[in-house]
Amino acid sequence: MACLERPGGGGYVRGGAGRPDNPARTGFGVTRREDAGVAQGNGRQTPRFRIERRTLDNGLRVLVQPGGEAPLVAAHMMYDVGSADEPAGRRGFAHLFEHLLFEGSEHVAKGEHFRLVQAAGGTLNGTTWFDRTNYWETVPVGELELALWLESDRMGWFLPALTQEKLDNQRDVVKNERRQSYENRPYGLAVETALARLFPAGHPYRHPTIGFMEDLDAATLTDARDWFETWYGPENATLVIAGAVAPDAAFAAADRWFGAIPSRGAPRGDRAAATARGEGGVVTIGDRVSAARVYLACHAPAFPDPAFEAADVLSSLLAEGRSSRLHHDLVHERRIAAGVGASAWPLRRTGLVWIVVTGLSGVPASELDGATREVLDRLVREGPREFELEGARNRARRQLVLQLDSVTQRADALAHAAVLRGDPDYLNEVFARYDAVSADDVARVSHDILAAGGPAAVHVVPEGDGR
Amino acid sequence: MSGPDRTRRPPSRPTPAPILPEFREFRSDGGLRVRAARVARLPEVAVRLVAGAGAASEPAALTGATSLAVRCLPEGAAGRSARDMAAWLDHVGAGFGAGAGHDHVELHLHALAPTAGEALSFLEAVVLQPAFDPDEVARVRREAVDGLGRRRDDPAAVADDALAAAVFGDHPYGRYPGGTAATLATLDADALRETWERTLRDGPAVLIAAGDLEPEAFAADVARRFGPLRSAVEAPPVESASRPPSSALRLLHHAGSRQAEIRVGTVGLARGAPDEIAALVMNAALGGLFGSRLNRNLREDKGWTYGVRSGFARRRAAGPFEIRTAVDTPVAGRAIEEIRRELQGMRDRPPDGEELDAARRSLTLSLPRRFETTSRLVAAETERVAYGLPEDWWHRFPEIVAAVGRDDVAAVAQRFLDPAGLVTVIVADAEEARPGLAALGVVDEPETP
């Protein structure tokens, strides 16, 4: 939502700090950041995080991850709803609604949510993505009750505070967010252009989380009430409390603040796999840019799929580090690109691997595209070498340790594991899963991803340059 | 069902103070300061190496030399080619980054503890024996020039650079540390090697590390490796700029812009300036927090923007005070009027009571987050050392903030927020923006390249 750490259209890669919403905005070089993983396990210490779980009578799932030396606690609420659940004509509503949830509830006046948390030394935000919407506060440990009061008040007492004025105000804010973060950013419309080619009409991932102006304009108070009643009940939410707290005290506090919120019946989400493909092909769009950039997006294993980690390792081999295949070939040897990136999006219904190549000025998109596909073809043909695979595992393990050092990110990773995979223990198992990715696994996933139908491509070219 | 009292904020419970690990200091024979602390929560080591001369110490004709030299460091070193260096680092799996800001050169490293020695060997190679191979330099230079071109594609970056130039003029802080296409074109391998000698090899440097390590043994290892660094020389001083002469308002045309990027700023203050902390408190209330006056007005009341922030960039010399936002283009003029109204309001009605308390608490109570992770701890310690702050700085910080009163905040508001002393830059589609700016008076529209 807010403009604190990250704009609201985004989400996290597996709880990491990667930004899956728009690889373009991660800049040049490697777009993968903070992804999870494991290296060879011989003698390496593997962190283990204690996870305690309970379900309240009203259906709210509560996970407690105690530990950490810092006197901090993170409260992270994840609702199992995202832009993929939006009805026709309301693209962007899940995210607009997320903004509304910061505008106060029956006992919390407008503006107080942010003010109170920041005045307590805390930090907070909310983000919306295709599959989920999350809200979190990281505060000094003595302020856990503050965070739980705020989160429970908006889960249980939101509607009395909802007004047309707040909806109109946040609609304007979100439209400005779309302008600032997408329309007025170089290459900012590439991802939504690719999504429309990757998926057929009616597919839940066909439109971007930020939505479109005409649908934002159409949103009503009735939509907001229906959305809240449908998706924001305790049985559709998971609360993670991580940090310097004792599990019993954390569960008791969660029960105290959330226990009185009535259940609203079983959630109605259709969470089935959705692997239908769109027309693909190559789209060229003009932009006010000095150099062309090529996006290749491939259908890939979903986050809960056993092959997801192999797809993630594949993206690492392609574009993470200066020795990665694309960087070496396009930036160092051919000298046609300024930077490369790749990432595997941890989506629930079907996955995507993105490859992004920014050209040096004057290099045509077609040349970037052709050279990129040559590198991909070679990887499919030859498979990865053990040496480069070892490096990918080592990088993944290090990034996971870096990420999980932070209580905010541990809570985030745990919530993603619980909601998108239905498996909180993934937080600990992820090390071994990356460790186990073999050359055969990567060869297989490369073949499946790159051979079948080929990627959907978006060429962003300098305006007037061959539209 | 009876539950807790929802009608008011739950009372705060005591939060223990963060326990800061002790950094122990060692010195290499050559003079490199090494500070190391043991934090063994997770099997990781974080390292930062800071050298005390950044882009602000460059002659204007060589702007960008430090940045380009630092970019070239890993592109071949210690007898290994650029390709071999890349393969080495990527196989170890360590995170490595290097950059030059206005004040410093900074290199950082993050590694799993079992690979920390290997990662340090990589750092040692790039710091002590960079090759500056002419062919690699030519490639990296081309990439850097291209990066400048892409920077001009981005209205937000254009606005940042334009404000710096308008506020600081010919002062080094008016220049982008990455240089210009013209200055980069003159930089060959020899020039970059000289820059490296001046800044990294012979400049004052400190290496800060924390993680799963034994400080003494670690420091001895670092001192042995980095012995050749001659770190005794003081960094050249940077003089503070004088305030810009007028409240200029500049409109830069960016064809087809979908928003107006707005920057309002002036010369702020330096690290360690007497009123530095009062300025931080004042800024928290003005535009440093989500619930600050500017954001409440422009976003939460008007809906004109996704967000507006203000801040003091405190550097070795006085850095900029700056307000940044992007608004719907037709309301750009009204947004600037509101910003000016809030600036004047902060002078007329400085924060007091709960508003002042909240600003102070946001600074002190957030300290535990600054030291939470190994990487952040190293970053905080690096910041302290790089700017010569006292050893007990973070311990004293809460008291210093608590001592800032209404009068102190009022004084900094008077000093920095006079709307007549602030420069305004707008980057927008000029056709669309012009009508809304009419009420603001004279608008300067310089030619845009």
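Values quoted throughout were computed directly from the atomic coordinates according to the rules given, and no laboratory measurement underlies them. Quantities reported herein were computed from a predicted structural model and do not represent experimental measurements. With ideal geometry, Cβ positions are generated from the backbone for all residues, glycine too; neighbour counts draw on all protein chains shown.
In the neighborhood of A:Gly89, defined by Cβ-to-Cβ distances under 14 Å, what is the net charge if each Lys or Arg adds +1 and each Asp or Glu adds -1?
-4
Long-range amide H contacts for B:Ala326: which residues qualify at under 5 Å (H placed 1.01 Å from N, peptide plane, sequence gap of 5 or more or a different chain)?
B:Ile262, B:Tyr306, B:Gly307
Given the range B:375-449, what whole percent of its Cα pairs are spread farther than 17 Å?
Taking all Cα-Cα pairs of the range B:375-449, the fraction more than 17 Å apart is 69 percent.
Kirkwood hydrodynamic radius for the range B:60-218: how many Å is it when counted over pairs of different Cα atoms?
Kirkwood radius, the range B:60-218: 16.9 Å.
Return the percentage of antiparallel bridges among DSSP beta bridges fully within chain A, rounded to the nearest 5 %.
80
Skipping prolines and chain starts, which residues have an amide H placed within reach, meaning under 5 Å, of the one on B:Ala131, given they are 5 or more residues away or on another chain?
B:Ala77, B:Ala78
Going by Cα centres, the range B:91-117 and the range A:269-336 are how many Å apart?
27
Tally the DSSP beta bridges in the protein assembly as shown and give the antiparallel ones as a percent, rounded to 5.
Of the beta bridges lying entirely in the protein assembly as shown, close to 80 percent run antiparallel.
Give me a comma-separated list of calculated 3J(HN,Hα) values for the range B:294-308, in order, Karplus coefficients 6.51, -1.76, 1.60 applied at θ = phi - 60°, integers in Hz, x for any Gly or Pro.
5, 6, 4, 6, 6, 9, 6, 9, 8, x, 7, 8, 6, x, 9
Roughly what % antiparallel, to the nearest 5, for the DSSP beta bridges in chain B?
80
Roughly how big is the range A:224-352's charge dipole about its Cα centre, with Cβ charges of +1 (Lys, Arg) and -1 (Asp, Glu), in debye to the nearest 20?
For the range A:224-352, the charge dipole is close to 380 debye.
With a 10 Å Cβ neighbour count serving as the proxy for reagent exposure, in which order, fewest first, do B:Ile339, A:Ile285, A:Ile51 appear?
A:Ile285, A:Ile51, B:Ile339
Tell me, what ³J(HN,Hα) does each residue in the range B:257-270 have, in order and in whole Hz, if you take phi through Karplus 6.51 cos²θ - 1.76 cosθ + 1.60 with θ = phi - 60° and put x for Gly and Pro?
Each residue's phi maps through the Karplus curve to give 4, 8, 8, 9, 7, 10, 10, 10, x, 7, 6, x, 9, 8 Hz.
In 20 Å bins starting at zero, report the fraction of Cα pairs in the protein assembly as shown per bin as a rounded %.
Cα pair-distance distribution for the protein assembly as shown, in percent: 14, 48, 35, 2.
Could you tell me the calculated FRET efficiency between A:Gln45 and B:Ala182, based on Cβ-Cβ distance and R0 = 56 angstrom, to the nearest 0.05?
0.60
For the range A:185-201, in order, what is each residue's ³J(HN,Hα) by Karplus, 6.51 cos²θ - 1.76 cosθ + 1.60 with θ = phi - 60°, in whole Hz (x at glycine and Pro)?
10, x, 6, x, 9, 5, 5, 5, 5, 5, 4, 5, 8, 6, 10, x, 3
Determine the calculated [θ] at 222 nm for chain B from helices alone, applying -39500 (n - 2.57) to every DSSP H run no shorter than 4 residues and normalising by the residue count; nearest 500 deg cm²/dmol.
After summing the helix terms and dividing by residue count, I get -11500 deg cm²/dmol.
With axes computed from alpha carbons, what is the tilt in degrees of helix A:365-382 against the longest principal axis of chain A, rounded to the nearest 10 within 0 to 90?
Value to nearest ten degrees: 90.
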